[in-house]
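The values are calculated or read from the model by the stated rules, or taken from the named source; none is laboratory data. Not measured: the values here are computed from a predicted model. Every residue, glycine among them, receives a Cβ derived from its backbone with ideal geometry; neighbour counts consider all protein chains shown. To get the accessible areas, we keep the full protein, side chains included, count just its heavy atoms, and leave off ligands, DNA and RNA. Shrake-Rupley method; radii C 1.70, N 1.55, O 1.52, S 1.80 Å.
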Amino acid sequence: MSYHCPACNKVSHSSLDLARHMIGRGDKVHRDWIYSKGFKYSELLRLQIQSFGGEGFKALSDVLEAETKVED
Amino acid sequence: MIKDFEYLAPKTLKDALTLLDKYKDEDHKVIAGGQSLLVLMRQGLVAPQYLIDIKGISELSYIKSDAKEGLKIGALTTHRAVEKSPVMKNGYSVLSEMEKRLASVQTRNWGTIGGNICHGDPAGDPAPVLIALNATLKVAGLKAERTVPAEDFTLDYFETALEPGELLVEIQVPSPRPRTGTAYSKFNIIESDMATVSAAVSVTLKSDNKTCDDVRIVLGAAAPTPRRAKKAEAVLRGKEVTDSLLKEAGNVASTEAEPLSDIAASAEYRQELVKVMVARIGREALARAKKA
Amino acid sequence: MSKYSVIGTRVHRVDGVEKVTGTAKYTFDMVLPNMLYGKILRSPHPHAKILSIDTSKAEKLIGVKAVVTGKDTIGKKQGIWRRFPELCDEEILCREKVRYIGDAVAAVAAIDEDTAEEALDLIEVDYEPLPAVFNPMEAITEEAPQIHEGVELNININRHLEWGNVDDAWKDCDHIIEEQYVCSSQAHVCMETHDALASFDHNGKLTIWTSTQAAYYIQVLAADMLGIREGDVRCINPYTGGGFGSKFELDSAQFCAALLSQKIRRPVKIVLNREEEFTATKRRTPMYYFVKLGAKKDGTMLAKEVRVITEGGAYTAMGATALYLTGFFSSFPYKYPNYRYDGYRAYTNTAPTSAMRGFGAPQSTFVGESMIDNLAEDLGIDPIEIRRKNGMTPNYVVPGQAWIQSCGLHECLDAIEKHVKERGKLPPNRGIGVSAYGFMSGGIFNWFDTPYAFSSAIVRINIDGKVDLFTGANEIGQGSNTTLSMICAEALGVKLDDIRIHSADTGICPPDLGAWGSRETLMNGNAVKRAAEDAKNQLIEFAAAKMGINIVYDMDIKDGWIHLVDRPERGVSYYDIVKDAIRGKDGEAIIGRGHYTPHRKGMISPAYSFGVQAAEVEVDPETGRYKLVNVTTAHESGTVINPVGIEGQLEGAIMMAGGYGFCEDQPMDEGKILNPSIADYKLIRALDMPETEILEIDTYEPEGPFGAKEAGEGLTNPTAGAIGNAVYKAAGVRIRHLPITPEKVFRALEAKKKQEK
Amino acid sequence: MKHELKFTLNGQPYEIYIKPKTLLVEVLRDELGFTGTKRGCSSSSCGACTVMLNGASVKSCSILALQANGAEVVTVEGLAKGAELHPLQKAFLDHGAFQCGFCTAGMLMSARGLFEENATPDVMTIKEAIDGNICRCTGYNSIVRALTAVSKGEYKEES
Amino acid sequence: MLLEGKFTLKAPIKEVWDFLLQPGTLVSCIPGAERMEAVDDKTWEGTIKQKVGPISVKLNFTQSFTEADPPKHLKAVGRGSAAGGAGTFSQETTVDLSEIGQGETEVSYTSNVSLVGRLATFGERIMRAKVKSVGEEFTSNLQKKLKEQLG
């Protein structure tokens, strides 16, 4: 199972990892994709910094789980 | 950058007063030790056309005391000379203690007690102590001399009662009455720093050595000027001074303080500190009065 | 008896006599013929567009010789993280926009300082103030103004570190705590402010004398920013009045002096005044910490999750490293099987935050050591015991990050435990707090992108046996000239007095990454040792030939005597052999070369030192005022090369780190630092300094020269945490916001009283 | 207009003409080239500019040079006698009482002022004497140890 | 540094508003104000002299009204500089008027004053004290004048 970044095609092993990658990169391409899913990037980021357990990542990873999974 | 100025260095009081009179309508400043003034001049905030340097007037540097007249300190006496003077042991040791905590040795070696008072900084150390000691300041002009009670000398932040053409020449401290104790301390975070809040308390006991006959409580750095906490004094006057009464006095004094918030402390914290300081220093003054 | 003749002995500093007689020359003291004085005009706005700059009035002032603005530059942005061009974001002389109060916009050279200052007032800058943002939490929102073009949400960089599986590990924890902390800023307050004297000759060659921690960086960065070749720049670092992390980036004094000199071909000297030093040089990074920590009932820590956002200020500077190191050192000095760190650095319209002694680790140690005490209390375990249970041990591998070879943490814990017991039962309102720490001995990652070795040295032996040691290491007060001379003398078998050291002059010394990250002793020490050994081997060859030894013996030099290792009485005088060797080589001087670049030592550093500190405080419960009574430190730094130097580093660190915990801060209002003077910036003075005790623990670091490792910065890490823990023990209140001021303690005591009611 | 300044520096008489705004530290460093005395803050807060004036330590950044007219000034350069170091200097060397050295001249002059007054000061008195001097490197305790050794008579001036 | 407060006046809101918008009003209420002239209907220029102990400062400043919703709301932004380059200052003031009864008006204001340059760095403590006292004096003068004229 692998997850391909919809913005730059980087391959991750879990949707959570991919979410971390996307929020972490945070450049325009990645952010635009995040915005297109109805998230507010800075809100995800704030959540990510201030909450434990990676709430910001988790919110995004749910979408990634559904949309970017590739069966190997 | 210090701007150029014309430098005048009178060697006698008379010459100084003559010069001051001559230049009183001009843009001038008087410098003694200059430990505060030069900082402002270097920042370009003060740029007088004439600078009258009175540091060299040796006749204004003296400490005298006798039982009747009390203590007399020339305005140009250095802090260090006051601190080290054996005369202070005759009932004025609080002055020596205060001086010991004023800035650094180097500053005390050069800076003068009169210069400090004339700077009018509400956080200055000498003023609260002198007010507690009921001191009087002798001010001279070319034509006349007058005296101003120490407590009326500072009018506002860095503003004093000196009129143009006048110089502070002498600090007069009356001989302490029997059974009088005076103490001073300041609260700060770095030992030699300026006061966050300071307090001076002078207590005179009645012959029973318990009841407060008179008291002066002075707050420093807690208002635009050093200020007597008169309501707090009233709490103690005529009563037997106990710990709980001192605490009450502290609480009352705190309501008389009007501190500001700044980077060193908030106004609220300063008010809390006033409570503690007044009670503590009052206790020390009381203990001294009992022994005096 | 020690096996060493020089190492470990109490010697006078090699720069000592010059410093106590006032003859040591600093950049501050230098004067050249025909020299001009420069001053820099700085932005009064935290964020503004520069619409125009009119320098004509200033240029007409009598005595003014040159005025430069951003238009006189080649328009390049600079940065010290050269491997990542997007992180090179600082213009020094701003062309279009200023980003903090203190950003440089113009510079003047005149016949004296007063004239230059007067000229600054005549420069007319038309600004269009822009909305500004000061808090990193606000800077990363969509509503915040953008500080750097193309950097949306002002996120400068982010860092992620992870090993194990934190999410799974929480399930196995019996107890989990979550806390938030705020770490404040701090100013370096070097006694010598930033200064530089730059002199271009008419051939286009530049010499810069400057107070710096890394002459080589200044050479490279200045060349880059001026559009000339590195080889045309010679940077000389005379004696330097302190650095503490503030002096290894190209600063406005160096750049503006060079630019002015380039324009008029006269030497130009710029000395920042104290106010500029506070407002327009870099500072310690304020950090907002969110931490979760979990353990088993017995105190075994299973997982830690750390989230940090740092206040970056206007530019990247070395902030990228601070962000990384605070994440790495948040795991120190414990063995967390599961660990996760996410750090973000946000641009703000404040003075840039960068390197300062400890480099992110004082923050992480304050937070980590406060929390471990809280955890221990919740679990009912002794604070030293819980540290012992989890502490690092020799040959520990931080997964995917670092390989720790020597480690004396447990011996340090034992020593501090003994100390605490000896203090016995304390009077009321007193408490002892303990804090453990570790630090690196120089960094590994080549962010500067240098093709040179990290450290190198050249040893030249003169005909009379005297030795010239050339090193790029920068003596900034920490004592590297003394330590490296000692290493050289020991390795060559000569007296300390035989060494004459030449350091930090890029014209004659080999390149070196400079004095930061506690790298000089280990990295330069290795290079010097190798260079000395190279020279020594050349001498030994001659000695062997001269002695006519017919079998191969191991030979060595000690105390000026070249001898057989097994039969020390058989040998020849070093001084005699030097002459013969040089004659024998057709008069070619004996030159030894050595270099060091760490290999295969993980991501961070080739070695780590450790320690434990106990701070004792006495709290006045009525005011919250507390006094630092005693600070005792058990410390291990491998073989001690220079014992006097280590004492100085340790006690000095307590002054600086105690200040970070106790009183030092840079409060701001709309981006303006409110205490830019030594009168208003509170720091520890002689009367405030606690008594200090040092318990030196023996270790040997295989990677270090003669077994040595760092002893400079790590000591800055523990003190704030130790003070916080001591205040908690003494008064029962936990302060999570540095510095731990009396007012904060007072408020916490009031809140506690209310709660108890 | 320039004014005449006559004073004694490290035992030598000097007579120079200066602008009245010139500070004592500027005369020492810039006019006369005695750069041992440093400036760290220019607001009489750091003590790096400490010199002796008529036997007492003062901060030369906060004194107009003309105020030193007729005075005797001693700077760090006046401590050693030729190659022979002053006891304070020897004690500083032995105890590692300095690192970067920028505060050292001021420290030494504060110490000199102390010992002029009191040949055997205790630790508290020593700390008070150097409290006006900031040292960002040493943490002061090594300086206190050096001065304590002098106070105990471990360093004597060779006559 | 933020100054804020409110007070009530026995005068109709319209009169208070008109009074506030006369340059002469401010000259007479700002301690040390020497001059205040309208450059156009949105901008005023003026000079203020202030003294803190030994320091005397002359500030030249420009005040412009950025929001005006007569007779209720007014926002003004001011910037100025001290003669001799001792520093600059800026301030942003919002004044809100509301009618709280028959012929009675409540005035509430917030003013954010920011000083930069040497003036500001000479002891934050002193300048803060000064700004506060000037602010207090100004509002008390203003109330007095308003009462004299309208009350």
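Worth pointing out:
- Among the residues making up the range A:1-43, a single one is more than 9 Å from the chain's Cα centre (by Cα), in contact (Cβ under 8 Å) with a residue 40 or more places away in the chain and within 12 Å of chain C (Cβ to nearest Cβ): A:Ser14.
- C:Gly102 passes every criterion in (1) out of contact with any Ser or Thr (no Cβ under 9 Å at 6 or more places or on another chain); (2) within 13 Å of chain E (Cβ to nearest Cβ); (3) not in a helix (DSSP H, G or I) apart from (1).
- Test: residue in the range C:291-311 that is under 16 Å from the mean Cα position of the chain (by Cα) and not aliphatic (A, V, I, L, M): no
- Exactly one residue among B:Ser185, B:Ser261, B:Ser266 is farther than 23 Å from E:Val131 by Cα and either crowded, with 22+ Cβ neighbours inside 10 Å or not assigned by TED's automatic domain parsing to the domain that holds B:Asp121 (or both), and that residue is B:Ser185.
- Test result for B:Val235, open to solvent by less than 30 Å² (accessible area, probe 1.4 Å), over 25 Å from B:Met194 (Cα atoms) and in the same structural domain as B:Ser185 (by TED's automatic domain parsing): yes
- Count - residues of the range C:431-479 that are among the charged types (D, E, K, R) and not in a loop (DSSP other than H, G, I, E, B): 2
- If you go through the range C:499-548 and pick out every residue that is open to solvent by less than 10 Å² (accessible area, probe 1.4 Å) and among the charged types (D, E, K, R), you end up with 2.
- Test result for D:Phe102, among the aromatic types (Phe, Trp, Tyr) and either touching a helix residue (DSSP H, G or I) at 6+ places or on another chain (Cβ under 6 Å) or open to solvent by 30 Å² or more (accessible area, probe 1.4 Å) (or both): no
- Close pairs (9 angstrom Cβ cut-off, 6 or more residues apart or separate chains): within 18 Å of C:Asn338 (Cβ to Cβ) and within 7 Å of chain A (Cβ to nearest Cβ) in the range C:152-167, in a helix (DSSP H, G or I) and among the small types (Gly, Ala, Ser) anywhere: C:His160/A:Gly24; C:His160/C:Gly327
- Residues satisfying the stated conditions in the range D:105-136, i.e. open to solvent by 10 Å² or more (accessible area, probe 1.4 Å) and over 14 Å from the mean Cα position of the chain (by Cα): D:Glu117, D:Asn118, D:Ala119, D:Thr120, D:Asp122, D:Val123, D:Met124, D:Thr125, D:Lys127, D:Glu128
- Selection of first residues in the range C:618-642 that are on the phi > 0 side of the Ramachandran plot and more than 14 Å from chain B (Cβ to nearest Cβ) and of second residues that are at pLDDT 95 or above and open to solvent by 20 Å² or more (accessible area, probe 1.4 Å), restricted to Cβ pairs under 7 Å at least 6 apart or on distinct chains, gives the following pairs, ordered by first then second residue: C:Gly638/C:Thr699; C:Gly638/C:Tyr700.
- Residue within the range C:506-521 that is within 27 Å of the chain's Cα centre (by Cα), at pLDDT 95 or above and at positive phi present: no
- In the range C:43-99, residue nearest to C:Ile147 (Cα to Cα) [restricted to those that are open to solvent by 50 Å² or more (accessible area, probe 1.4 Å) and touching a Cys at 6+ places or on another chain (Cβ under 9 Å)]: C:Lys77
- From C:Glu693, C:Glu622, C:Glu651, C:Glu616, residue being open to solvent by 10 Å² or more (accessible area, probe 1.4 Å) and either touching a strand residue (DSSP E or B) at 6+ places or on another chain (Cβ under 8 Å) or β-branched (Val, Ile, Thr) (or both): C:Glu693
- Odd one out for C:Trp81 among (1) free of Cβ contacts under 8 Å to residues at least 24 places away in the same chain; (2) part of a loop (DSSP other than H, G, I, E, B); (3) in contact with a Leu (Cβ under 7 Å, 6 or more places away or on another chain): (1)
- Extreme residue, most open to solvent (accessible area, probe 1.4 Å), among residues of the range D:28-56 that are away from chain C (no Cβ under 14 Å) and not in a loop (DSSP other than H, G, I, E, B): D:Ala56
- Condition met for C:Lys76 (touching a residue at least 60 places away in the same chain (Cβ under 8 Å), away from every other protein chain (no Cβ under 14 Å) and on the phi < 0 side of the Ramachandran plot): yes
- Qualifying residue in the range C:126-140 (condition: over 32 Å from the mean Cα position of the chain (by Cα), in contact (Cβ under 8 Å) with a residue 24 or more places away in the chain, outside any strand (DSSP E or B) and within 14 Å of chain E (Cβ to nearest Cβ)): yes
- The criterion of at least 1 residues that are acidic (Asp, Glu) and crowded, with 24+ Cβ neighbours inside 10 Å is met by the following helices (runs of 4 or more DSSP H) wholly inside the range C:209-325: C:274-279.
- Scanning the range C:2-22 for residues that are among the charged types (D, E, K, R) and surrounded by 20 or more Cβ atoms within 10 Å (Cβ to Cβ) yields C:Arg13, C:Asp15, C:Lys19.
- Residue that is within 14 Å of chain E (Cβ to nearest Cβ) and under 18 Å from the mean Cα position of the chain (by Cα), where the choices are B:Ala200, B:Ala229, B:Ala222, B:Ala265: B:Ala222
- Total residues in the range E:29-44, condition out of contact with any helix residue (DSSP H, G or I) (no Cβ under 9 Å at 6 or more places or on another chain) and not β-branched (Val, Ile, Thr): 3
- Entry remark, the range E:19-58: residues being under 18 Å from E:Asn141 (Cβ atoms) and not in a strand (DSSP E or B) number 14 in total.
- For B:Ala132, the test of being facing another protein chain (nearest Cβ under 9 Å) and either touching a residue at least 24 places away in the same chain (Cβ under 8 Å) or open to solvent by less than 20 Å² (accessible area, probe 1.4 Å) (or both) is failed.
- Of the listed requirements (1) away from chain D (no Cβ under 14 Å); (2) over 30 Å from C:Asp378 (Cα atoms); (3) in contact (Cβ under 8 Å) with a residue 40 or more places away in the chain, C:Met287 misses just one: (2).
- Selection within the range B:1-25 - modelled with pLDDT of 95 or more, open to solvent by 40 Å² or more (accessible area, probe 1.4 Å) and more than 24 Å from D:Glu26 (Cβ to Cβ): B:Lys11, B:Thr12, B:Lys14, B:Asp15, B:Thr18, B:Asp21, B:Lys22
- Taken over the range C:706-745, the criterion of being over 22 Å from D:Cys137 (Cβ atoms) and within 13 Å of another protein chain (Cβ to nearest Cβ) is satisfied by C:Ile740, C:Thr741, C:Pro742, C:Glu743, C:Lys744, C:Val745.
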